[in-house]
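Take a look at the structure below.
The values are calculated or read from the model by the stated rules, or taken from the named source; none is laboratory data. Just so we're clear, the structure is a prediction, and the values are computed from it rather than from any experiment. Reconstructed Cβ throughout: ideal geometry from the backbone, glycine too, with neighbour counts over all protein chains shown. These accessible areas exclude ligands, DNA and RNA; they are computed on the full protein's heavy atoms, side chains included. Shrake-Rupley method; radii C 1.70, N 1.55, O 1.52, S 1.80 Å.
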Amino acid sequence: NKAKQVVGIDKSQEAINFAEQKRVKMRNENIQYMICDIDNLILNQKFDTVVCIEMIEHVTNMEQHKFMLKLKGLLNPCGVLLVTTPIKGIWPTTEYHLSEFTEQEFDLFLHQYFENVTYNNPEEFKIPKGFILAKCENVLQ
């Protein structure tokens, strides 16, 4: 299945340039990229799926709440958030990781925002072992 529209967001021009080169190589016309920080992100649309790859550990504990509310706010009522993060203690911590999670901590964190959280084997999606891949769903009340 191909998405009708894909919006890629990163605050790094270098990352956007890399992604744009891949888009051109794949001849995929339904992808657009935006340079933006999550704090300044304003989109006048909702999405069926939001994918957040290795980002949540790059914000402080205090910012994580605001970050998750922003991501959840981008979803349609029955939307899905796919989120990955390295498991604390398995990968070496870098100066860029401001707040990491164990598997239990991440589960508790995600359940603050989503009723339905399930986990996939990250290796099935070419994500290295030692990462968490969570599928979080908005449930209609």
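Some notes on this structure:
- Residue count for the range 5-29, restricted to those that are charged (D, E, K, R), in a loop (DSSP other than H, G, I, E, B) and closer than 20 Å to residue 52 by Cβ: 1.
- Residue count for the range 113-138, restricted to those that are surrounded by fewer than 13 Cβ atoms within 10 Å (Cβ to Cβ) and touching a residue at least 60 places away in the same chain (Cβ under 8 Å): 0
- Qualifying residues in the range 40-56 (those that are closer than 21 Å to residue 84 by Cβ and touching a helix residue (DSSP H, G or I) at 6+ places or on another chain (Cβ under 9 Å)) - the one modelled with the lowest pLDDT: 41
- Verdict on residue 97 being open to solvent by 40 Å² or more (accessible area, probe 1.4 Å), out of contact with any Gly (no Cβ under 8 Å at 6 or more places or on another chain) and under 21 Å from residue 39 (Cα atoms): no
- When residue 48 is tested against (1) assigned to a strand (DSSP E or B); (2) open to solvent by 90 Å² or more (accessible area, probe 1.4 Å); (3) closer than 19 Å to residue 131 by Cα, just one condition goes unmet, and that condition is (3).
- The criterion of being open to solvent by 70 Å² or more (accessible area, probe 1.4 Å), out of contact with any His (no Cβ under 9 Å at 6 or more places or on another chain), basic (Lys, Arg) and more than 18 Å from residue 125 (Cβ to Cβ) holds for residue 66.
Yes/no matrix, rows are residues, columns are (1) closer than 16 Å to residue 137 by Cα; (2) open to solvent by less than 40 Å² (accessible area, probe 1.4 Å); (3) under 12 Å from the mean Cα position of the chain (by Cα):
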{"position": "24", "(1), (2), (3)": "no, no, no"}
{"position": "44", "(1), (2), (3)": "no, no, no"}
{"position": "55", "(1), (2), (3)": "no, no, yes"}
{"position": "59", "(1), (2), (3)": "no, yes, no"}
{"position": "74", "(1), (2), (3)": "yes, yes, yes"}
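- Test: residue in the range 103-112 that is open to solvent by less than 60 Å² (accessible area, probe 1.4 Å) and either at pLDDT below 90 or polar (S, T, N, Q) (or both): no
- If you go through the range 96-131 and keep only what is closer than 22 Å to residue 68 by Cα, assigned to a loop (DSSP other than H, G, I, E, B) and among the charged types (D, E, K, R), you end up with 100, 115.
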